[in-house]
Structure formats: structure tokens, C-alpha cells
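Before any comments, here is the structure.
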């Protein structure tokens with residue numbers, strides 16, 4: 001089943017240009033064909049193509065199909081992006097397939113990548129919700145400095161994963177099911193000890209993701225899966 005991302009479908013009965021071209025020129029669908037849409041806000045739609053050109057695809061909504069939330073609480077991953085963009089993109093895709101609500105990139109002391117362009121990540125998130133049949137698009141935030149981010153108000157549970165010595169419970173053992181949750185994941189060189197201390201001061205609980213030493217994107221995905229399940 002082909003799904004098309006149409007964020008403004010409730011006010012504009014037309015596919016965005018890129019989606020329209022894929023629908024008409026690549027898939028060769030035409031007037032009268034039935035297609036499935038999602039607005040990324042929790043709804044699928046059965047729709048019929050009413051007009052089609054090379055660049056435009058007008059539709060008529062036949063049925064609105066709200067999708068019940070597939071997990072409880074608001075799940076937020078804040079991670080330092082890896083130097084290799086492919087790994088950031090891999091995480092964004094796989095985390096969306098599993099299920100989460102929000103992604104923030106952190107600029108940390110030991111970050112190997114200080115700038116990240118989110119346009120490509122946004123496209124991957126859209127593609128992943130269509131592929132995994134999810135009607136909610138995760139929110140993607142621009143990169144923010146670690147010190148700024150940890151001072152922001154957050155109503156849910158707050159965790160920081162790090163590799164320093166000390167007694168740290170496993171995330172799965174302290175996570176409260178159904179509540180909002182935010183997990184911080186550091187760069188390949190880990191958070192600095194000063195950053196960990198600052199996070200704890202601002203209410204973040206140190207946690208472990210297991211006995212293995214994980215790459216940044218793997219750690220972020222483990223945290224995402226733990227929160228989701």
C-alpha cells in the first residue's frame with residue numbers, strides 16, 4: 001500500500017508537489033484511483049484522485065481514519081549527532097519505525113559534529129512513517145547547546161545515559177510506563193563529567209543501557225526501543 005504525506009490535506013485537497021510527481025509520474029496513478037494519505041498528525045485518509053497532471057494531484061477524501069496512539073506518553077530522544085551523517089539518518093529512520101515523538105540534536109563538549117542540516121532528516125522521518133504505516137510524524141528540532149537544553153522545563157521523566165563509573169540503574173528498571181520520557185545520548189567521546197554533573201543538578205537521572213559499550217546511534221535506538229516497549 002502506497003501512503004502519501006499530505007500535512008495540509010484538511011484545508012487543501014491536493015498532494016504536495018513532490019508527492020504528486022511520485023504518485024502520477026512514478027506510480028502512474030490517475031484520475032479515479034484510490035490512494036491512502038496521512039497528515040502526520042494522527043490521521044490516515046482514504047482518498048480518490050480527482051485530477052492529475054505532471055506536477056499536480058487533486059484528491060477527494062472518502063474517509064478519515066484516525067490512528068490510535070501506538071505507545072503511551074511523549075517519547076523524546078536528545079542526542080549528539082555522529083560525525084558520519086549516514087548514522088544519524090539510520091537512527092532517524094529506525095527510531096521512527098519503532099516509534100517515538102521528538103528528536104533533538106545536542107551540541108556537546110566532545111561533539112564531533114557541531115552543525116547539522118535537518119532537511120534531509122525530515123525527509124527520512126516522512127519516508128519512515130509512510131513505510132511503517134504510522135500517522136504521526138516525529139517532531140524534529142534544530143541543534144541546541146547542551147547547557148541550554150538541560151535548563152528547559154520538561155514535565156516528564158528525564159534521564160542521561162553515560163559510561164562513567166558509578167551505580168546506574170538500567171533504563172528499563174526505572175522508566176515509568178505511560179509517562180512522558182526524555183533521554184540524553186552523548187557523542188562518541190561521551191558527555192564530559194561536567195555535563196553529567198550539570199544534568200543531574202537539573203533533575204536528570206543517570207541510567208545505563210546495558211553492559212555493552214554502544215555507538216551513539218545504537219545507544220539512542222536502544223533507548224527509543226526501551227521507552228516504546
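Derivation of every value follows stated rules applied to the coordinates shown; laboratory data play no part. Since this is a predicted model, take the numbers as computed values, not measurements. Because the Cβ atoms are built from the backbone with ideal geometry, glycine has one as well, and the counts that use them run over all protein chains shown.
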Between residue 17 and residue 2, what is 0.36 nm times their sequence separation minus the Cα-Cα distance? Round to one decimal in nm. 3.8 nm
Once residue 46 and residue 174 are pulled to full extension, the length gained, defined as 0.36 nm per residue separation minus their Cα-Cα distance, is 42.0 nm
Volume of the Cα convex hull of the stretch 1-96, divided per residue and given in Å³: 131
Share of antiparallel DSSP beta bridges in the chain, in percent to the nearest 5? 40
From the list [x] 8, 28, 25, 19, 13, 6, 1, 0; [y] 7, 23, 28, 18, 9, 6, 5, 3, 1, 0; [z] 8, 31, 29, 18, 11, 3, 0, can you say which value of P(r) over Cα pairs in 10 Å bins from 0, in percent was derived from the structure given? [z]
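Please compute the length gained on full extension between residue 133 and residue 115, using 0.36 nm multiplied by the number of residues separating them and subtracting their Cα-Cα distance. The partial results should precede the final answer.
On the way: separation 18, 0.36 × 18 = 6.48 nm, distance 3.08 nm.
So the chain would gain 3.4 nm between residue 133 and residue 115.
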Taking r as the C-beta separation of residue 67 and residue 148 and R0 as 30 Å, the FRET efficiency to the nearest 0.05 is 0.35
Pair residue 28, residue 229: separation of 7 Å Cα→Cβ label points (nm): 4.3
Evaluate 2.2 N^0.38 Å with N set to the residue count of the stretch 75-125, then give the Cα radius of gyration divided by it. 1.08
I need 23, 163 ordered by Cβ neighbour count within 10 Å, fewest first. 163, 23
